[in-house]
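Written below as structure tokens is the structure these notes are about.
The values are calculated or read from the model by the stated rules, or taken from the named source; none is laboratory data. On a predicted model such as this, the values are computed, not experimentally measured, just so you know. Here the Cβ positions follow ideal geometry from the backbone for every residue, glycine too, while neighbour counts run over all protein chains shown.
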Amino acid sequence: MKNFIEELRQRGMIQDHTPEVEQQLNSQMTVGYIGFDPTAASLHIGNLATIMLLVHFQRCGHKPIALIGGATGMIGDPSGKSSERNLLSYETILHNQARIRKQLEHFLDFDCGANSAEIVNNYDWMKNFSFLEFLRDVGKHLTVNYMLAKDSVQKRLESGISYTEFSYQLLQAYDFYYLYTNKNVKLQMGGSDQWGNITSGIELIRRISGKTAYALTTPLVTKSDGTKFGKSESGNVWLDAEMTSPYQFYQFWLNVSDEDTHKLIRVFTLFSIEEIQSLEQQHAQAPHQRILQKAIAEQVTERVHGKAELQKAKTASEILFGKGVTDALKSLDEKTFLQALEGVPQTHISASEFYNCHNLAELLCTATRNEIFPSKSEVRKMVQNGGISINKQKVESTEIKPTAFDLIHNRYLLVQKGKKNYHLVVVKD
RNA sequence: GGGGAGAUACCAAAGCGGCCAACUGGGACGGACUGUAAAUCCGUUGACGUAUGUCUUCGAAGGUUCGAAUCCUUCUCUCCCCA
């Protein structure tokens, strides 16, 4: 059995843990869990950091359980939230939890003997738990004084917190107790914002049964400039290919700054520390080759989207950002071209619409139903700043007629907004 | 309860009768440089647009004026001080 704590320590993935965790983990195969509330239709790369905890946990020989918060998701975790949120509808939660379950199944091994992973849903044991029973069996064991002391609650005392959100920690505490009793789960892990909720669970277990449970949290990943990690300009980076295409996903990792790579490669990849150090050395010698970024982007994209999608994302990136200019684009056969650009947003337009455009502004705005640009002014401003290229060639004026451009394969126009945003216009016959 | 200060675009913050679509800083976006990095420099940043044009903005509603973000009235909210 590998030393899990030591592994995490080397990777800088430990924020905090209760005493004796290491002893417990080294003495026997331990069952540990992390919860994921179905607050969105997909997990995002912030969640990926905690998923990696489970991955390492299993690789070290322990048994990981991923908990889907079908019940807790209905309540809303106040941790890290400065104000009360709206409740999600039942349909949304059902839909979300089904999709999140699918995603989680991706990352762990469910068929490896004793430490096979499991997925559970706290809705299963909460749905028939009556309010009265809950108050008598669970609520009685923790004092409001204790619950009030939690950071997540303290921060909300000024602005207000509903009884519902206040109860969240009790629900999560009960999850831990339930899993402790029914699945022999001794350890709960999570992001550092979960520390308060996790320790409430430990406290509940101790009060009811006198037994000891353990906690371990990982630091929330931040960027070197202090801003939140995991947001691209278009918002969250999701694990769902429909919400963030594998190409966009790959690009996100490829674009991280040199400074951030050291932290990221440790948290999000499974390279050994020796491998990481060697990569870092290579990177330092030839920083322009972006060795670290590539290593991270490749491994993470492959883990999330699979080898085939990674390959496509790489091909697309090479075409769009490689040395090859217009000619290279045209030399690709149509199938390869389309496959490569699968992750690039596309807009379809009929031939007549296309040829009826008087100028570029019209084409990129009204004719494409504002999918590329919201208004002609935006197009003009962008062109004035030199921010638009068509088929990799910079556009000088908005007055160019669309017919002046060569359609690739008589059908496609590759529109580039700025340096990194591509859009494919498909002209239908 | 008494007294005082304030509310301006994504945020912060100037403006206090016309030269204000509104200084400046941050953010965001674009460009140059580079390595699809960082730093730096330049540009854009109410909307529509190209006619140096129109429309809508300065807490809300009214009013004074040829003309108001700027003056007056009422209202709403925020902050500070004294009780």
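The figures follow:
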| item | result |
| --- | --- |
| Residues being buried (at least 18 other Cβ atoms within 10 Å of the Cβ) and over 18 Å from the mean Cα position of the chain (by Cα) - total across segment A:249-286 | 3 |
| Criterion (under 30 Å from A:Trp238 (Cβ atoms), more than 13 Å from RNA strand B (Cβ to nearest atom) and not in a helix (DSSP H, G or I)) met by exactly one of A:Ile400, A:Ile349 | A:Ile349 |
| Pairs with Cβ under 6 Å, 6+ apart, first in segment A:354-375 and under 15 Å from A:Lys401 (Cα atoms), second among the acidic types (Asp, Glu) and away from RNA strand B (no atom under 13 Å from the Cβ) | A:Ala367/A:Glu353 |
| Considering residues of segment A:358-397 that are assigned to a loop (DSSP other than H, G, I, E, B) and of a type in the set (Ser, Thr, Tyr) only, the residue nearest to A:Gly322 (Cα to Cα) | A:Ser397 |
| Residue list for segment A:177-196, filter: touching an Asp or Glu at 6+ places or on another chain (Cβ under 7 Å) and under 14 Å from A:Tyr33 (Cα atoms) | A:Trp195 |
| Spans of helices (runs of 4 or more DSSP H) in segment A:1-74 with at least 2 residues at pLDDT 90 or above and within 19 Å of the chain's Cα centre (by Cα) | A:45-59 |
| Per-region count, segment A:311-346, residues in contact with a His (Cβ under 6 Å, 6 or more places away or on another chain) and within 16 Å of RNA strand B (Cβ to nearest atom) | 1 |
| Test for A:Thr244: is it farther than 23 Å from A:Phe337 by Cβ, buried (at least 19 other Cβ atoms within 10 Å of the Cβ) and of a type in the set (S, T, N, Q) | no |
| Residues of segment A:126-172 satisfying the condition of being at pLDDT below 90, of a type in the set (D, E, K, R) and surrounded by fewer than 18 Cβ atoms within 10 Å (Cβ to Cβ) | A:Asp151, A:Lys155, A:Glu158 |
| Odd one out for A:Ile45, checked against (1) closer than 27 Å to A:Asn96 by Cβ; (2) in contact with a His (Cβ under 7 Å, 6 or more places away or on another chain) | (2) |
| Residue pairs meeting the criteria (Cβ under 7 Å; at least 6 apart or on separate chains; first in the same structural domain as A:Asn182 (by TED's automatic domain parsing), in segment A:47-74; second in a helix (DSSP H, G or I) and hydroxyl-bearing (Ser, Thr, Tyr)) | A:Gly70/A:Tyr123; A:Ala71/A:Tyr123; A:Thr72/A:Tyr168 |
| Helices (runs of 4 or more DSSP H) within segment A:115-204 that include 1 or more residues within 24 Å of A:His56 (Cα to Cα) | A:168-183 |
| Top-ranked residue in segment A:202-230 [being of a type in the set (D, E, K, R) and within 12 Å of A:Val256 (Cβ to Cβ); ranked as surrounded by the fewest Cβ atoms within 10 Å (Cβ to Cβ)] | A:Asp225 |
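This table checks each residue for (1) hydroxyl-bearing (Ser, Thr, Tyr); (2) under 30 Å from A:Gly235 (Cβ atoms).
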residue: A:Met1; (1), (2): no, no
residue: A:Ile5; (1), (2): no, no
residue: A:Thr18; (1), (2): yes, no
residue: A:Val21; (1), (2): no, no
residue: A:Gln24; (1), (2): no, no
residue: A:Met29; (1), (2): no, no
residue: A:Val55; (1), (2): no, yes
residue: A:Gln58; (1), (2): no, no
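Okay, residues lined up against (1) surrounded by 15 or more Cβ atoms within 10 Å (Cβ to Cβ); (2) under 22 Å from the mean Cα position of the chain (by Cα):
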{"residue": "A:Lys294", "(1), (2)": "yes, yes"}
{"residue": "A:Glu302", "(1), (2)": "yes, yes"}
{"residue": "A:Lys307", "(1), (2)": "no, yes"}
{"residue": "A:Lys312", "(1), (2)": "yes, yes"}
{"residue": "A:Glu342", "(1), (2)": "yes, yes"}
{"residue": "A:Lys381", "(1), (2)": "no, no"}
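This table checks each residue for (1) touching a helix residue (DSSP H, G or I) at 6+ places or on another chain (Cβ under 6 Å); (2) not assigned by TED's automatic domain parsing to the domain that holds A:Asn421.
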{"site": "A:Ala316", "(1), (2)": "yes, yes"}
{"site": "A:Ala367", "(1), (2)": "yes, no"}
{"site": "A:Lys376", "(1), (2)": "yes, no"}
{"site": "A:Ser397", "(1), (2)": "no, no"}
{"site": "A:Leu407", "(1), (2)": "no, no"}
